Amino acid sequence: MKAKKKPPLTPLPVKPVIQPHHYWLAGLALVVLTLLAFSNSFNTGLTLDNQILIAGDPRIREWSSQNLGQILQHTFWWPNGEAGIYRPFTTLSFLFNYAVLGNGIQTAGYHWINFLLHAINVLLVFALALHLLRSFRIALCIAGLWAVHPVLTESVTNIIGRADLLAGMAVLGGFLMYLKSVERPAWLVGVMCATAVGIFSKESAVVLPGVIVLYELICNRGRFRAMLYGCLATSPPIAIMLWHRSLVLAASPKAEFPFVDNPIAGADFWTGRLTAIKVIAHYFWLAIWPVKLSADYSYSEIPLARGSLGDWIAWMAVAVTLCLIMLLWKRNRLAFFFACAGFLNLLPVSNLLFPIGTIMAERFLYLPFACWLACLVMLVDSATSRVRYPHLAPVFFALIAIGFSIRTWMRNLDWKDDLTMATAIVQTSPNSFKGHRLLAVSLFQSRPDYSNINQVLEEANKSLAILQTLPDRLDIPGPWNEAASYHLAKGDSLQAVRLAQRSIAISPQADAYRTLASAYLRLGKSIQALSAATQAQTLDPSNADVYGQIADAYIAQSRGEDAAIALAQGMFTTSNGSLREDLLKLYQSGVDTQGCAVVAGPRGPALNPSCDIVLRDLCTGAARAHRPDLLRQLPCPAKYP
């Protein structure tokens, strides 16, 4: 008997007849909808890490070959930290805003670029859905829902979320060009360029060849040649990025992932993976109910998995979801592809393969949500069609889009500044130590007169209460030292000493020693203050304040000339003018018994090197500052090396 010809695995629907102007109107409607949802985001400030990566990055302040080289030769967080990530194209985009467009630290220009990138991605999602599903209505619903989903605010409203926008554009655009390359191979050049932009913007864009393979294996098991060509097009930029990234990271300090930022990094293998699965359940919930959104899920907002009832509910939710997705294998291959593509895009940042810098972040959902929403829209549309109410789905999706838009508009308000963001974090993530810490810092900085110090201490104590149970090896010193400084501001020096000592026990830092020195000085314990200040000076000799603390400790012990030497050393080490003024005042206060240390100069009082005490103190200070050039200029006796 003659064998029957098998139908294709995923037959494409007949392409509907749509007038060209309908596509333009649909695209315009999507852009307008997106603009309305994010219309109040353009005046938000440099919140959270934006202050470090934009205001604190010297590489983006001027367009020059030197800065371009620094961007290519250093990691994303250089010179303010190290996180083991390399995203030069994203940093170049900040350079474009800061120096080329002249935005500086004014945020409106950055937000407009973010919005334009997101609008382009919305149109790409629409084009991809239209190409794959051949349904104008379903494609419009998918793109519209994704455009205004509240979870995306961390990628769109948050300026440094641009890395996700660029990587998303690369994956969406690269996959669309791959689909077009099946008929016109010239599009493979575009696939290569998109891959290069994506992986140099954010490492997660490396999933593009995986998306291509996934699509061909699920939907077109006979197009191995096209799949091979697509993967080959992505290979050169990926290989170049991995090679150059390895060189940059090898020349950089080793990245450390604190336990309090991602407890999975400090857990055993199975506990870590079970916790990561629990986090995926949180992501699922945000997809359908994005009411409680947070910019921080640090310790201990998401506890490590220990087999609690909540853990089992999360694991069962993920298991049920996976079973439902498996049912799509025979019922709807495209829906199955979208569901799997969502997991694939989440995989690099899921903590399943390896621990990353954070346990959970809403910005990780930028591309996965596009895939999962496509799957959900297809299933809901199919269900309403089966019950003979095909027009019910668009109405349903329109109502959801309105709700999403309102929630997005409200969420944008939280990104106004650190104070508003911290207030929002402690409401939605009350168990996050970092949320209470950020709120304490923001409140402390908002009132220079410290009139709200009790509220500051309340939030700081909440943060410390969460960290209290951790052993020192898993804790971090910063929150303890900050709390010590708040107690100093209130006048409680004894509590400041205790907290500063706890900070030092966790990890000796110059800041904590300076706080400890200030507390001891207020308590009248000059010997202990001198010891703490000397430790701070050893750890951070470039800090001018510590030399003033050393001088104060010496003065309290009636050792005026030692105080003068400390100020001279600090003056020569840091070139800080205030130390010179302090030295002049010290001599005028009676340390100079001969009355020759200070003379009238053209710009006011000046030091007199001809005076024995001044020459002696300056020479000793220059020697301790390791300034042989000054020793020759003063001139100093031969006994000074």
In the stretch 424-459, what count of residues is obtained for those that are closer than 22 Å to residue 301 by Cβ and surrounded by fewer than 17 Cβ atoms within 10 Å (Cβ to Cβ)? 5
Can you tell me which of (1) surrounded by fewer than 23 Cβ atoms within 10 Å (Cβ to Cβ); (2) in contact (Cβ under 8 Å) with a residue 40 or more places away in the chain is the one residue 171 doesn't meet? (1)
Within the stretch 565-591, how many residues turn out to be open to solvent by 20 Å² or more (accessible area, probe 1.4 Å) and either closer than 18 Å to residue 622 by Cβ or among the charged types (D, E, K, R) (or both)? 12
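Matching residues to (1) more than 17 Å from the chain's Cα centre (by Cα); (2) among the basic types (Lys, Arg):
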residue	(1), (2)
56	no, no
93	no, no
123	yes, no
132	yes, no
137	yes, yes
Count of the stretch 590-618 residues which are modelled with pLDDT of 85 or more, over 48 Å from the mean Cα position of the chain (by Cα) and part of a helix (DSSP H, G or I): 5
Any residue in the stretch 409-420 that is out of contact with any strand residue (DSSP E or B) (no Cβ under 8 Å at 6 or more places or on another chain), within 30 Å of residue 122 (Cβ to Cβ), touching a residue at least 60 places away in the same chain (Cβ under 8 Å) and not in a helix (DSSP H, G or I)? yes
Verdict on residue 540 being among the acidic types (Asp, Glu), surrounded by fewer than 17 Cβ atoms within 10 Å (Cβ to Cβ) and under 26 Å from the mean Cα position of the chain (by Cα): no
Scan the stretch 592-614 for residues that are of a type in the set (D, E, K, R) and surrounded by 18 or more Cβ atoms within 10 Å (Cβ to Cβ) and report the count. 1
Kindly list the number of the only condition in (1) open to solvent by 50 Å² or more (accessible area, probe 1.4 Å); (2) among the acidic types (Asp, Glu); (3) touching a residue at least 12 places away in the same chain (Cβ under 8 Å); (4) farther than 24 Å from residue 534 by Cβ that fails for residue 511. (4)
Out of all the residues in the stretch 80-106, which are open to solvent by less than 20 Å² (accessible area, probe 1.4 Å), in a loop (DSSP other than H, G, I, E, B) and closer than 17 Å to residue 158 by Cα? 104
Quickly run through the stretch 189-217 and pick out the residues that are crowded, with 19+ Cβ neighbours inside 10 Å and either over 28 Å from residue 161 (Cβ atoms) or touching a strand residue (DSSP E or B) at 6+ places or on another chain (Cβ under 7 Å) (or both). 216
Which ones in the stretch 297-342 are crowded, with 18+ Cβ neighbours inside 10 Å, without any contact (Cβ under 8 Å) to a residue 60 or more places away in the chain and part of a loop (DSSP other than H, G, I, E, B)? 302, 304, 305
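The values are calculated or read from the model by the stated rules, or taken from the named source; none is laboratory data. Being a predicted model, the structure only gives us computed values, none of them experimental. Heads up, the Cβs are rebuilt from the backbone with ideal geometry, glycines too, and the neighbour counts pull from every protein chain shown. SASA here: full protein model, heavy atoms, side chains in, ligands and nucleic acids out. Shrake-Rupley method; radii C 1.70, N 1.55, O 1.52, S 1.80 Å.
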